[in-house]
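Novice: Quick one: structure below, then a few questions.
The values are calculated or read from the model by the stated rules, or taken from the named source; none is laboratory data. Worth saying up front: this structure is predicted, and the values here are computed from it rather than measured. Virtual Cβ from ideal backbone geometry, glycine too; neighbours counted across all protein chains shown.
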Amino acid sequence: MTLPMFIIDAFAERTLAGNPAAVCPLETWLPDDRMQAIAAEMNLSETVFFAPEPGGTLSGDGDLSIRWFTPTREVTLIGHATLAAGHLMFERLRPNAREVRFMSGGEAMIVRRDGAALMLEMPALRPHPIDAPPALAEGLGATPQRVMAAKHYLCLFEREEQVAALNPDMARIAALELPAVIVTAPAGNSALSAQGGSAADFVSRFFAPANGVPEDAVSGVAHLCLAPYWAERLGKKKLVGRQLSQRGGIVLCEDLGARVTLGGSAVIFLEGRIAV
């Protein structure tokens, strides 16, 4: 059996930028172990699979079920791969659609066209203050100004240079109780977005070695936590985030309360078929 497979760069306006995701549309679900094996073979931070809800089709107008796998495990609530899946739907499967709804665990993730860009709406992950485990600073090799948490640790630093300079001990980060660590700071004058040259509001990095992803290039799920935190701190609902990974990327954010909108573009880098 062969299946279509795409590599799509998300939160990017050109190929070889942003965060690549492997995207595999399915008419019916594969066994879990087969999808995990495909994700290990693709060896990207996420491979996303989606299929029609019962009674629907890929080319129809119904909702789609979605699942995400790293090279080592299934994970939940992944932003950049969902944006990539939405881009594929608009480009190949539903070219006349204005909106696509992906469902996971009863939650809707909605991708909408916004001119040349895409807007991804997902549930917010609002952080709360915690007592940081000592191993967190040891793993980062630096002590955050403040530590909060939602799905992941959120570590706050004073300056973007501190965030850029971090060289974590990935083994120690992977051993922490929560599955990943977000680090963030206010953006300095050097953090300029590619979106019209407007200054970024904050910078971040995202470390998830426990999920088989030492550092994610541009993380949507991290911005589901970053957007509500910075919206409250800065007193503004719309923000621009810059992720300081090697590839780097810009995420346009809007805090909607219970949900967050993430904006960006996506580009198909590769398409073909895989034999499984």
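Novice: Evaluate the stretch 187-195: report whether one residue or more is modelled with pLDDT of 95 or more and not acidic (Asp, Glu).
Specialist: Yes, that holds for at least one residue.
Novice: What's the number of the only condition in (1) touching a residue at least 24 places away in the same chain (Cβ under 8 Å); (2) under 18 Å from the mean Cα position of the chain (by Cα); (3) assigned by TED's automatic domain parsing to the domain that holds residue 83 that residue 149 fails to meet?
Specialist: (3)
Novice: Could you list all residues from the stretch 151-170 that are surrounded by 14 or more Cβ atoms within 10 Å (Cβ to Cβ) and charged (D, E, K, R)?
Specialist: 151, 159, 160, 169, listed by residue number.
Novice: In the stretch 30-41, how many are closer than 23 Å to residue 206 by Cα, over 17 Å from the mean Cα position of the chain (by Cα) and surrounded by 18 or more Cβ atoms within 10 Å (Cβ to Cβ)?
Specialist: Result for the stretch 30-41: 1.
Novice: Still on this model: Counting only residues that are in contact (Cβ under 8 Å) with a residue 40 or more places away in the chain and assigned to a loop (DSSP other than H, G, I, E, B), which one in the stretch 116-146 is farthest from residue 88 (Cα to Cα)?
Specialist: 133
Novice: Here's a follow-up. Which is assigned to a helix (DSSP H, G or I) and small (Gly, Ala, Ser), of 85, 22, 51, 12?
Specialist: 85
Novice: Mind listing whichever residues of the stretch 98-119 are surrounded by fewer than 17 Cβ atoms within 10 Å (Cβ to Cβ) and of a type in the set (Gly, Ala, Ser)?
Specialist: 105, 106, 108, 115, 116, 117
Novice: Of all residues being over 17 Å from the mean Cα position of the chain (by Cα) and at pLDDT below 95 in the stretch 114-133, which is farthest from residue 214 (Cα to Cα)? Just the residue, please.
Specialist: Filtering the stretch 114-133 for residues that are over 17 Å from the mean Cα position of the chain (by Cα) and at pLDDT below 95, the one farthest from residue 214 (Cα to Cα) comes out as 115.
Novice: Mind listing just one residue for me: the one in the stretch 137-148 that is touching a helix residue (DSSP H, G or I) at 6+ places or on another chain (Cβ under 8 Å) and not small (Gly, Ala, Ser) and, of those, farthest from residue 167 (Cα to Cα)?
Specialist: Once the filter is applied, the top-ranked residue is 148.
Residue-wise test of (1) assigned by TED's automatic domain parsing to the domain that holds residue 211; (2) farther than 25 Å from residue 112 by Cβ; (3) acidic (Asp, Glu); (4) in contact with a strand residue (DSSP E or B) (Cβ under 6 Å, 6 or more places away or on another chain).
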residue	(1), (2), (3), (4)
11	no, no, no, yes
32	no, yes, yes, no
35	no, yes, no, yes
43	no, yes, no, no
51	no, no, no, yes
56	no, no, no, no
59	no, no, no, no
72	no, yes, no, no
78	no, no, no, yes
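Novice: Name the residue that is nearest to the chain's Cα centre (by Cα), counting only residues in the stretch 171-183 that are surrounded by 21 or more Cβ atoms within 10 Å (Cβ to Cβ) and outside any strand (DSSP E or B).
Specialist: The selected residue is 180.
Novice: Residues that are of a type in the set (Val, Ile, Thr), closer than 19 Å to residue 44 by Cβ and in contact with a Cys (Cβ under 9 Å, 6 or more places away or on another chain): which strands (runs of 3 or more DSSP E) entirely in the stretch 199-276 hold 1 or more of them?
Specialist: 266-275
Novice: Between a first residue in the stretch 158-170 that is closer than 11 Å to residue 214 by Cα and assigned to a helix (DSSP H, G or I) and a second residue that is at pLDDT 95 or above and of a type outside the set (Phe, Trp, Tyr), which pairs have beta carbons less than 9 Å apart while being 6 or more apart in sequence or on different chains?
Specialist: Listed by first residue and then by second, the contacts come to 170/139; 170/209; 170/214; 170/215.
Novice: Within the stretch 63-77, restricting attention to residues that are without any contact (Cβ under 8 Å) to a residue 40 or more places away in the chain and surrounded by 14 or more Cβ atoms within 10 Å (Cβ to Cβ), which residue is nearest to residue 209 (Cα to Cα)?
Specialist: Applying the filter and picking the extreme gives 69.
Novice: Starting from residues that are free of Cβ contacts under 8 Å to residues at least 40 places away in the same chain and not in a strand (DSSP E or B), keep the ones in the stretch 93-115 and report whichever is farthest from residue 27 (Cα to Cα).
Specialist: Selected residue: 115.
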